[in-house]
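These notes are about the structure you will find just below.
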Amino acid sequence: MTGSTGQLGSRIARLLAAADVPQRLLVRDASRAPSLPGATVAVAAYGEHSALLDALDGIDTLMLLSATESADRVSLHKATVDAAVAAGVQRIVYTSFAGAAPDATFTFARDHWHTEQHIRGTGVDFTFLRDNLYLDFVPGFVGEDGTIRGPAGDGRVAAVARDDVAASAFAVLTSDGHSGATYDLTGPSAFTLAEAAAVLAAAWDRPVRYEPETLDEAYRSRESYGAPAWEVAGWVTSYAAIASGELSTVSAAVADLTGRPARSLEQLVGAG
């Protein structure tokens, strides 16, 4: 399993440990690996072929969490997949993104499409978990002045809680019948950012509003952070993908996989 030091990966690792499922945690820094019963630790980073060959020796299933966004993320993913196949891994469960496509509005979703295609091309068994935007991120959209700004228009987003993604991944890893499947993981409904602002305002008992931006305004405001162009494009196009409707489809996959309904924004922030 990759990504066990992150927010999503650590959740999946804890669920596996609680169910007494043996796992090997692949980390860059062994001191940061979570200490979990039944888990061993191997040091290997995305794309490090020889280290990955050793780390994945004897492993049947790889839970491949996508790497942190970077300019070379696709090449890192491909190299990691190639090492896994060379090491004898028979199955890859990959955390992808909703609407992954070569021409997706959200630029990072294109990375996921290319990774999916590469996994398919290896002939290894696979399951793709196409996560919508994380519901956990939505409260963080609010600026210090109580305003959500972005070029999302009146589009809707079926954002999904990390806990629900982790529970879905756990179900796929510990049950049969998921070979070659692609699951769209979403929340129970799709909402506009204006509606999200109203939910947050009620939960926090203070004003929160949504102020739509144009694409030009969004690029100008985010370029002030000094981030590289590819990262700024990712930030801006995540909102633009909401505006385009590409993130609005609601799926029952979370409930089907876990046996319980997906969490709503109201539940996440204690407003319902």
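The values are calculated or read from the model by the stated rules, or taken from the named source; none is laboratory data. Please read all numbers here as calculations on a predicted model, not as lab measurements. Every residue, glycine among them, receives a Cβ derived from its backbone with ideal geometry; neighbour counts consider all protein chains shown. When the accessible area is computed, the model is the full protein with side chains, heavy atoms only, and any ligands, DNA or RNA have been set aside. Shrake-Rupley method; radii C 1.70, N 1.55, O 1.52, S 1.80 Å.
The lone criterion from (1) open to solvent by 50 Å² or more (accessible area, probe 1.4 Å); (2) farther than 15 Å from residue 268 by Cα; (3) of a type outside the set (Val, Ile, Thr); (4) in contact with a strand residue (DSSP E or B) (Cβ under 9 Å, 6 or more places away or on another chain) left unmet by residue 117 is number (4). Can you say whether residue 217 is open to solvent by 30 Å² or more (accessible area, probe 1.4 Å), part of a helix (DSSP H, G or I) and under 16 Å from residue 158 (Cα atoms), as far as the supplied structure shows? No; evaluated as a whole, the condition is false for this residue. Restricting the stretch 187-214 to residues that are charged (D, E, K, R) and not in a helix (DSSP H, G or I), the residue that is surrounded by the fewest Cβ atoms within 10 Å (Cβ to Cβ) is 205. Checked against (1) over 19 Å from residue 144 (Cβ atoms); (2) open to solvent by 20 Å² or more (accessible area, probe 1.4 Å); (3) part of a helix (DSSP H, G or I); (4) in contact (Cβ under 8 Å) with a residue 12 or more places away in the chain, residue 251 passes all but a single condition, namely (3).
So which of 127, 107 is under 21 Å from the mean Cα position of the chain (by Cα) and open to solvent by less than 10 Å² (accessible area, probe 1.4 Å)? Before the answer, list the steps.
Values: 107 fails: open to solvent by less than 10 Å² (accessible area, probe 1.4 Å).
Criteria check complete, one pass: 127.
For residue 112, the criteria (1) touching a Lys or Arg at 6+ places or on another chain (Cβ under 8 Å); (2) closer than 19 Å to residue 243 by Cβ hold in every case but one, which is (2). The residue list 145, 163 contains one member that is more than 23 Å from residue 13 (Cβ to Cβ) and open to solvent by 30 Å² or more (accessible area, probe 1.4 Å), which is 145. Would you mind stating whether residue 42 is under 22 Å from residue 94 (Cβ atoms), surrounded by 13 or more Cβ atoms within 10 Å (Cβ to Cβ), out of contact with any Gly (no Cβ under 7 Å at 6 or more places or on another chain) and hydrophobic (A, V, I, L, M, F, W, C)? Answer is yes for this residue. Annotation note: of 68, 61, the sole residue that is modelled with pLDDT under 95, open to solvent by 20 Å² or more (accessible area, probe 1.4 Å), under 30 Å from residue 107 (Cα atoms) and of a type in the set (S, T, N, Q) is 68.
Filter the stretch 166-186 down to the residues that are more than 30 Å from residue 217 (Cβ to Cβ) and of a type in the set (Ser, Thr, Tyr), then identify the one that is least open to solvent (accessible area, probe 1.4 Å). Among them, the one singled out is 168. You will find that of 149, 162, 206, the residue that is of a type in the set (D, E, K, R) and within 18 Å of the chain's Cα centre (by Cα) is 162 and no other.
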